[in-house]
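Only one structure is covered here, and it is reproduced in the block below.
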Amino acid sequence: MFTQIPWIFLSIPGALFLQVFDTLPQDREVNPGELIVIPCKVRNRKGECAWLKDGVVVGKIPGKYTFNREPDDGDCGITITNTQLEDDDGLWQCQVTQASLQELTLTSPEVKLTVREAPYPPIIEDTTIQIVQGDPFTARANEPKRLHCIARKGNPPATLKWFLNDVEITTNVNQTNIRDLEKRKTWQAVSALDMTFTKEDNHKMLKCVAIHDAYDTKAKDITVQLEILYPPEISLEGKPKEEIIEGMSLILRCRADANPKANIIWRKSGHSGIYDIKDHIEFNPIRRTDSGVYSCSAKNDIGQSQEMEITVDVKYKPKINHVYPSPRTTVSLYQSTRLVCEAEGNPAPNSSSTRTVLPVESGLEENANNDTKKIHIIDFQ
């Protein structure tokens with residue numbers, strides 16, 4: 001046996017015919033002078049359509065603001081002609097008045113209508129000093145630096161990007177947007193770049209790009225060339241792999257990588273003071289007296305390099321300088337004498353002497369009275 005339970009329907013008068021939004025307004029952007037439509041569509045519209053801008057009711061103005069107060073199809077959308085920053089940029093809201101005491105006024109959320117304003121071309125500042133387009137930006141290597149890229153009086157604020165030799169810098173970059181104090185309803189976009197440049201960045205191009213839909217080209221940029229200052233680093237060139245022989249040519253070169261240009265200083269062992277200040281020293285021909293230890297260093301306004309040394313060892317043939325007591329001497333027969341040979345060379349020569357005492361007929365001499373025998377050393381090497 002089944003028990004029938006009666007259904008009870010409760011009816012709220014007019015509940016099925018309440019005014020509701022079919023299409024809500026959306027944020028919009030427009031260039032100055034253009035026409036824009038902000039949509040708003042209401043189902044079961046019974047009240048009158050109205051629009052508010054920044055909380056103030058907007059009237060129907062021919063050639064400027066057009067909307068239907070009592071559209072049969074519920075389309076309350078507003079058409080704005082010849083949009084202008086001062087007049088039209090702001091928060092817009094669609095309303096439909098209540099149709100009865102039982103209903104509330106239908107009100108949409110506020111939406112933002114942005115009338116674009118092209119920002120000024122971007123500039124780069126070092127603290128508060130503006131860097132002119134095309135001028136170099138000077139900084140010391142390995143010292144932290146903060147630069148600002150600024151695009152003023154734009155609406156909405158520009159998007160700023162940094163590039164180093166056309167490679168985007170994505171780290172140590174922070175953009176903030178603040179209201180511009182000089183022009184209402186515009187923004188000042190500021191991007192801070194924290195960078196520690198190295199000597200490898202010297203003469204690279206640093207660029208800031210401002211991206212904005214109101215620009216004719218959608219983007220404008222400023223580019224500056226980096227002038228990175230760094231102390232000298234040196235290298236020595238010129239020492240041949242083979243031995244240095246007296247009479248040949250030799251050039252020693254001291255190369256300094258520095259900015260600004262460095263001054264070169266040469267010194268030589270045993271030589272008091274500065275030996276030379278050119279970037280190279282030339283020996284043509286090189287002499288034995290040029291042997292020694294040469295050192296090179298470099299200095300500029302930023303700092304001084306370490307000193308580098310190169311040893312020049314000039315080789316030359318042996319030469320007999322002196323023979324003592326003389327190249328020709330006379331001694332008594334059977335007497336001894338000391339013969340000294342002084343020679344020089346590089347490497348040091350081995351001195352040797354050979355003497356031959358011969359009979360009289362071959363080299364043994366007699367004096368006039370024949371009392372004293374003498375010998376003649378005829379072979380000495």
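The values are calculated or read from the model by the stated rules, or taken from the named source; none is laboratory data. Since we're looking at a predicted model, the values are computed, not measured. Cβ placement follows ideal geometry from the backbone for every residue including glycine, while neighbour counts extend to all protein chains displayed.
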Taking first residues from the range 69-84 that are under 14 Å from Phe21 (Cβ atoms) and second residues anywhere that are in a loop (DSSP other than H, G, I, E, B) and of a type in the set (D, E, K, R), the pairs with Cβ under 8 Å that are 6 or more apart or on different chains are Pro71/Arg45; Gly74/Arg45; Cys76/Arg45
Can you confirm whether the range 150-169 contains a residue that is exposed (fewer than 14 other Cβ atoms within 10 Å of the Cβ), among the hydrophobic types (A, V, I, L, M, F, W, C) and assigned to a strand (DSSP E or B)?
yes
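Yes/no matrix, rows are residues, columns are (1) in a strand (DSSP E or B); (2) modelled with pLDDT of 95 or more; (3) touching a helix residue (DSSP H, G or I) at 6+ places or on another chain (Cβ under 9 Å):
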| site | (1), (2), (3) |
| --- | --- |
| Trp51 | yes, yes, no |
| Val57 | yes, yes, no |
| Gly63 | no, no, no |
| Glu70 | no, yes, no |
| Gln93 | yes, yes, no |
Would you tally the residues in the range 333-350 being among the polar types (S, T, N, Q) and either at pLDDT below 75 or touching a Cys at 6+ places or on another chain (Cβ under 7 Å) (or both)?
3
If you check Lys185, Lys145, which single one turns out to be at positive phi and out of contact with any Lys or Arg (no Cβ under 7 Å at 6 or more places or on another chain)?
Lys185
Given the structure, is Pro260 out of contact with any helix residue (DSSP H, G or I) (no Cβ under 6 Å at 6 or more places or on another chain), of a type outside the set (Val, Ile, Thr) and modelled with pLDDT of 95 or more?
yes
Counting only residues that are of a type in the set (Asp, Glu) and surrounded by fewer than 19 Cβ atoms within 10 Å (Cβ to Cβ), the range 89-117 contains a total of 2
